[in-house]
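The values are calculated or read from the model by the stated rules, or taken from the named source; none is laboratory data. In this text the structure is predicted, and so the values were computed from the model without any measurement. Glycine also receives a Cβ, built like all others from the backbone with ideal geometry; neighbour counts cover every protein chain displayed.
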Amino acid sequence: MRMPIGSRQIQENMKQDNHSPVLQKAKKRLGTLPSEKAPRSTRQTTRPQPRSKKPRKRTLEIFYSYSHKDEKLRDKLETHLVMLRREGLITNWHDRRIGPAKEWQGEIDNHLDQAQIILLLVSASFLASNYIYDIEVERAMKRHERGEACVIPIILRPCDWQAAPFSKLQSLPIDLRPVTAWRDRDLAFTGIAQAIAAVVEELRASFTIK
């Protein structure tokens, strides 16, 4: 049976309408074209969100102010602080780390001004040194009073230090018995190291590196 010309024209018009952009857009909006894939430009892809970086805690520098006559005791203390160094919590600096051709006073001044913790290793030889007492101790105390550094006196040997400007600060060992007066010096240094570790954690919690 032949289809009337008019009906055939209507069907052709319907086919053309089905492929018109307006109708296609309407069908997609109504969800009537599930088999058709959306163009790449309109395809939504879920990208993993980057992990937020945790702020890195700062490594603190410890400056040792000491007499060379007490070098062996300073070495012993540095050994007892080794775990703080291995964990990346501290770096140690003293004048024996000054390299060849370096200007020693400038190096000492730079580290004394930038260290967050300053250890005063107190002995009669320490108090007798004009450079230590008049320059290092004075600058250390000024930084401590301004809140720029934490100064910790450590009594290595018996001496008359009560009139010194740092006598107002809490000193170590806790009972103020000089390290050399202990029968077991390792026990004395262990207590000192634990107290310094507590100070390190307190200071590191107060600021972070950006």
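Name the single residue that is surrounded by the fewest Cβ atoms within 10 Å (Cβ to Cβ) among those in the stretch 156-210 being of a type in the set (S, T, N, Q), over 26 Å from I135 (Cβ atoms) and touching a residue at least 12 places away in the same chain (Cβ under 8 Å). Step through it out loud before you land on a result.
To start, the set of residues in the stretch 156-210 that are of a type in the set (S, T, N, Q) comprises 162, 167, 170-171, 180, 190, 194, 206, 208.
Right, trim to over 26 Å from I135 (Cβ atoms) and you get 190, 194, 206, 208.
Filter once more, keeping what is touching a residue at least 12 places away in the same chain (Cβ under 8 Å): 190, 208.
On the way: T190: 13, T208: 11.
Filtering first and then ranking leaves T208.
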Checklist entry - Restricting attention to the stretch 111-125, and to residues there that are in a helix (DSSP H, G or I) and out of contact with any Cys (no Cβ under 8 Å at 6 or more places or on another chain), which single residue is modelled with the lowest pLDDT? => result H111
Checklist entry - How many residues are assigned to a loop (DSSP other than H, G, I, E, B) and either under 32 Å from the mean Cα position of the chain (by Cα) or within 13 Å of I154 (Cβ to Cβ) (or both) if we restrict to the stretch 176-194? => result 4
Checklist entry - Filter the stretch 130-155 for residues that are in contact with a strand residue (DSSP E or B) (Cβ under 7 Å, 6 or more places away or on another chain) and closer than 18 Å to K69 by Cα; which is surrounded by the most Cβ atoms within 10 Å (Cβ to Cβ)? => result I154
Next on the checklist: Looking only at the stretch 146-155, count every residue that is without any contact (Cβ under 8 Å) to a residue 60 or more places away in the chain and not in a loop (DSSP other than H, G, I, E, B) and tell me the total.
Outcome noted: 5
